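Nothing in this text is a laboratory measurement; each read-out follows from the coordinates by a stated rule. Source: prediction; values computed, not measured. Positions of Cβ are generated from backbone atoms using ideal geometry, with glycine treated the same way; all protein chains shown enter the neighbour counts.
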Amino acid sequence: MEIELATDLKWILACSTLDVPENGGACIKHEDEQIAIFNFSRRNEWFATQNLCPHKQQMVLSRGMIGSTGDTCEPKVACPFHKKTFSLVTGECLSGDEEYEIKTYPVKVIGDKVYVGIRSTT
């Protein structure tokens, strides 16, 4: 998997920290994209991914279960319907299905505001 270094990010205000349940997710819509935001409070970390599960093309990842896997304790989300798991860091499918992956976004929290970094298309 190739990782792009984003040099031109636009930070959007996504939500308040109170809008996302601890150890759970919520969904926002930015332009034409649904973005899942995860408050992994057990790890004191925040993540964002596309909300679309690529397996069956359903907008459900924000309702998936989050956890960690492997010796490296990689943070992951499991699709609530079909249990395919994806890395919250790289977007790679961890269920052995190499054809599936999800888009991930950088997240920063300032005070009680959650920001998501959107890569510029220009």
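Some observations on this one:
- Selection status of Thr72, farther than 23 Å from Gly111 by Cα and hydroxyl-bearing (Ser, Thr, Tyr): yes
- Those strands (runs of 3 or more DSSP E) of region 66-120 in which at least 3 residues are farther than 17 Å from Arg43 by Cα and out of contact with any Lys or Arg (no Cβ under 6 Å at 6 or more places or on another chain), considering only elements entirely within it, cover 113-119.
- Output for region 23-46, where each listed residue is farther than 20 Å from Thr85 by Cβ and part of a strand (DSSP E or B): Ile28, Lys29, His30, Glu33
- Residue list for region 16-28, restricted to those being under 14 Å from Ser62 (Cα atoms) and either surrounded by 11 or more Cβ atoms within 10 Å (Cβ to Cβ) or touching a helix residue (DSSP H, G or I) at 6+ places or on another chain (Cβ under 7 Å) (or both): Asp19, Val20, Pro21, Asn23, Gly24, Gly25, Ala26, Cys27, Ile28
- Take the conditions (1) outside any strand (DSSP E or B); (2) among the hydroxyl-bearing types (Ser, Thr, Tyr); (3) surrounded by 17 or more Cβ atoms within 10 Å (Cβ to Cβ); Thr49 misses just one of them, which is (1).
- Looking across region 52-86, just one residue is surrounded by 19 or more Cβ atoms within 10 Å (Cβ to Cβ), of a type in the set (D, E, K, R) and under 24 Å from Val114 (Cβ atoms), and that is Lys76.
- When the residues of region 40-64 are filtered to those that are under 10 Å from the mean Cα position of the chain (by Cα) and without any contact (Cβ under 8 Å) to a residue 40 or more places away in the chain, the one that is nearest to Ile110 (Cα to Cα) is Ser62.
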